[in-house]
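The values are calculated or read from the model by the stated rules, or taken from the named source; none is laboratory data. The structure displayed is predicted, hence computed values, not measured ones. Counting neighbours? That spans all protein chains shown, and the Cβs are built from the backbone with ideal geometry, glycine included. Quick note on the areas: whole protein, heavy atoms, side chains included, nothing else; ligands and nucleic acids left out. Shrake-Rupley method; radii C 1.70, N 1.55, O 1.52, S 1.80 Å.
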Amino acid sequence: MKVLMKGNEALAEAAIRAGCRHFFGYPITPQTEVAAYMAKQMPKVGGTYLQAESEISAINMVYGAASAGKRAMTSSSSPGISLKQEGISYLVGSDLPCLIVNVQRAAPGLGGIQPSQGDYFQATKAPGHGDSHIFVMAPSSIQEMADFVETCFEKAEEYRMPSMLLADGMLGQMMEPIELKEGEPKEVEKPWALTGTKMQRPHNVINSLYIDPPELERILIERYERYAKIEENEQRAELYKMDDAEYAVVSYGASARIAMSAVDKARDEGIKVGLIRCITLWPYPKKFIEASAGQIKHYLAVEMNMGQMVEDLRLVVNGRAPVDFFGRAGGIIPSPAEVLEEIRKISKGGK
Amino acid sequence: MTKLELMLAGFGGQGILFAGKLVAYAGLIEDKHVSWLPSYGPEMRGGTCNCSVCVSDEQIGSPQMLTPNALIAMNQPSLEKFIGHVQPGGIVLVDSSIIPTKVDRTDLKVFYVPATEIAEKNGLKGMANILLTGKLLKETGFASVENAKAAVSKVVPPKKANLIDSNLKALQLGLDY
């Protein structure tokens, strides 16, 4: 049975169904419905909804709950995520799994409250200080807003790292019919968790402070070996009309939907164009781009920012074909007509 | 109509988002692809409020109905803002109790419905939105009448279940207009 839900509500419900019983938040447009939904539902399932006094406080509460081996999450929007970055870095440094939701809004500072993908760099390059990565997924539909929540929890626990659902104001606010998952969530053993020794085992330590450089370097190397495994095993993308494509639009999240409409229209005009929709942003789906190199004459990155993911695309394409960028920023969602015009340009060898 | 690309617009408080939700739910019951996207932000307070709804047989790309094929306008600024973007041949429903002007485009099917007035006369104050949705259903057939009625009981929250009947009445008034 399908239900009609807002993206923010869908992800919150999915988190509860995924066994998350600890939500710590602080209101900010356009993700406030996540907290509102949790405030209503968490008490009914014996969970904890807590509005912290700030984003920094909320992320550190996540650190605490995650240390105890519990599925915990927080959600915010761009300026709030910046505040959380210190805590995110500590979570990375302590190898703690958790879910962070970013329903992005536009531009630096307080910026605007309309949709944007301006936090791509933040999510994929520097989620916090130090050498750090988090697992990042970009949903494009409300169904994926719900589905990826559980994937994010699972991958976070499998690899012992924070994960992020990188959405935006459009996906947070819009409604689509979705099917909610039934059944018990998969739980993994967490022998590292602080659950009390009962005097039967040595005590566990959750910590990100290492004074001894060789020890710290060894820990970083071990963590990066895990990152390499994730890059090997967890890349995800959707290929749309790519089989015979000579041109490719590369996009993700909300802008990939607009790109898909534009690709359909361009196909109607006889332009052999396809779409590579990145689903994991870290790890970046290099394999999917790589597989298209040689086939594609010209790439076009489409984003709702001033040009961020395009840099990763260029690194993979590595000069084998031209890579151009089209984006709208400041809270403006590009129109399919605008993207179509850019596709026409590259198909004529221009741009 | 295989694809309804609807823009609903009016003042905050007229039930623009709610009417959009009704259309979306009817589409859901029809097992079609559906998207509903509200405007959000400070513009909602007293100013204009709008909502894009798409009901389609195919997967929906952009949920923003920048060039809708149907427009429901419930105040003057909304009509002015969106009338130029409606696709040629598109359907426009104007609440003529609130909007005194006429549409000067000749390539559209425009219906002037004194929805607010009719609703009030029938003891359905504040349900002009549903009445106009009924009229939209009549003119576009975006769902069956049966499914639209089923959608009413879906979108009216359980706490306000006593309002289901009046919503159904408003829908019927629109269907009959």
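Which one is surrounded by the fewest Cβ atoms within 10 Å (Cβ to Cβ), of the residues in segment A:28-62 that are more than 21 Å from A:Leu96 (Cβ to Cβ) and of a type in the set (S, T, N, Q)? Before the answer, list the steps.
Keep residues of segment A:28-62 that are more than 21 Å from A:Leu96 (Cβ to Cβ), which gives A:28-33, A:35-37, A:39-41, A:43-46, A:51, A:53.
Keeping just the survivors that are of a type in the set (S, T, N, Q) gives A:29, A:31-32, A:41, A:51.
Numbers: A:Thr29: 18, A:Gln31: 31, A:Thr32: 18, A:Gln41: 17, A:Gln51: 14.
Out of the qualifying residues, it is A:Gln51.
In segment A:139-190, what residues are within 14 Å of chain B (Cβ to nearest Cβ), assigned to a helix (DSSP H, G or I) and closer than 29 Å to A:Tyr224 by Cβ? A:Glu144 - this is the single residue of segment A:139-190 that is within 14 Å of chain B (Cβ to nearest Cβ), assigned to a helix (DSSP H, G or I) and closer than 29 Å to A:Tyr224 by Cβ.
When you go through A:Ser261, A:Ser251 one by one, which is the residue that is small (Gly, Ala, Ser), within 18 Å of A:Glu311 (Cα to Cα) and either more than 11 Å from chain B (Cβ to nearest Cβ) or touching a helix residue (DSSP H, G or I) at 6+ places or on another chain (Cβ under 9 Å) (or both)?
A:Ser251
Per-residue answers, yes or no, for (1) outside any loop (DSSP other than H, G, I, E, B); (2) more than 14 Å from every other protein chain (Cβ to nearest Cβ):
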{"site": "A:Ala35", "(1), (2)": "yes, yes"}
{"site": "A:Ala58", "(1), (2)": "yes, yes"}
{"site": "A:Ala65", "(1), (2)": "yes, yes"}
{"site": "A:Lys70", "(1), (2)": "no, yes"}
{"site": "A:Thr74", "(1), (2)": "yes, yes"}
{"site": "A:Leu96", "(1), (2)": "no, yes"}
{"site": "A:Leu99", "(1), (2)": "yes, yes"}
{"site": "A:Gly112", "(1), (2)": "no, no"}
{"site": "A:Ala123", "(1), (2)": "yes, yes"}
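Residues in segment A:1-33 that are basic (Lys, Arg) and away from chain B (no Cβ under 12 Å): 2 in all.
Condition check for A:Ser82 on (1) assigned to a helix (DSSP H, G or I); (2) crowded, with 22+ Cβ neighbours inside 10 Å; (3) under 18 Å from the mean Cα position of the chain (by Cα): one failure, at (2).
Among the residues of segment B:12-62, those identified as within 8 Å of chain A (Cβ to nearest Cβ), outside any helix (DSSP H, G or I) and in contact with a Lys or Arg (Cβ under 7 Å, 6 or more places away or on another chain) are B:Trp36, B:Gly61, B:Ser62. Of the listed requirements (1) of a type in the set (A, V, I, L, M, F, W, C); (2) in contact with a strand residue (DSSP E or B) (Cβ under 6 Å, 6 or more places away or on another chain); (3) surrounded by fewer than 24 Cβ atoms within 10 Å (Cβ to Cβ); (4) in contact (Cβ under 8 Å) with a residue 60 or more places away in the chain, B:Ile29 misses just one: (2). B:Leu124 passes every criterion in (1) in contact with a helix residue (DSSP H, G or I) (Cβ under 7 Å, 6 or more places away or on another chain); (2) farther than 25 Å from B:Lys32 by Cβ; (3) open to solvent by 30 Å² or more (accessible area, probe 1.4 Å) apart from (3). When the helices (runs of 4 or more DSSP H) confined to segment B:120-177 are screened for residues that are acidic (Asp, Glu) and either more than 11 Å from the chain's Cα centre (by Cα) or within 22 Å of B:Cys51 (Cα to Cα) (or both), those reaching at least 2 such residues are found at B:164-176. For segment B:36-56, the criterion of being over 15 Å from the mean Cα position of the chain (by Cα) and at pLDDT 95 or above is met by at least one residue. I'd like to know if segment A:133-140 contains one or more residues that are open to solvent by 10 Å² or more (accessible area, probe 1.4 Å) and in contact with an Asp or Glu (Cβ under 7 Å, 6 or more places away or on another chain). There is no residue in segment A:133-140 that is open to solvent by 10 Å² or more (accessible area, probe 1.4 Å) and in contact with an Asp or Glu (Cβ under 7 Å, 6 or more places away or on another chain).
Among the conditions (1) in a loop (DSSP other than H, G, I, E, B); (2) out of contact with any Gly (no Cβ under 6 Å at 6 or more places or on another chain), A:Phe23 misses just one, which is (1). Here B:Met65 clears all of (1) part of a loop (DSSP other than H, G, I, E, B); (2) more than 14 Å from chain A (Cβ to nearest Cβ); (3) open to solvent by less than 40 Å² (accessible area, probe 1.4 Å); (4) modelled with pLDDT of 95 or more except the condition numbered (2).
Of all the criteria given as (1) in contact with a Phe, Trp or Tyr (Cβ under 9 Å, 6 or more places away or on another chain); (2) open to solvent by less than 50 Å² (accessible area, probe 1.4 Å); (3) in a loop (DSSP other than H, G, I, E, B), the one not satisfied by A:Leu91 is (3).
Just so you know, in segment A:327-343 the residues that are more than 10 Å from every other protein chain (Cβ to nearest Cβ) and in contact with a helix residue (DSSP H, G or I) (Cβ under 7 Å, 6 or more places away or on another chain) include one that is nearest to A:Ser116 (Cα to Cα), and it is A:Leu340.
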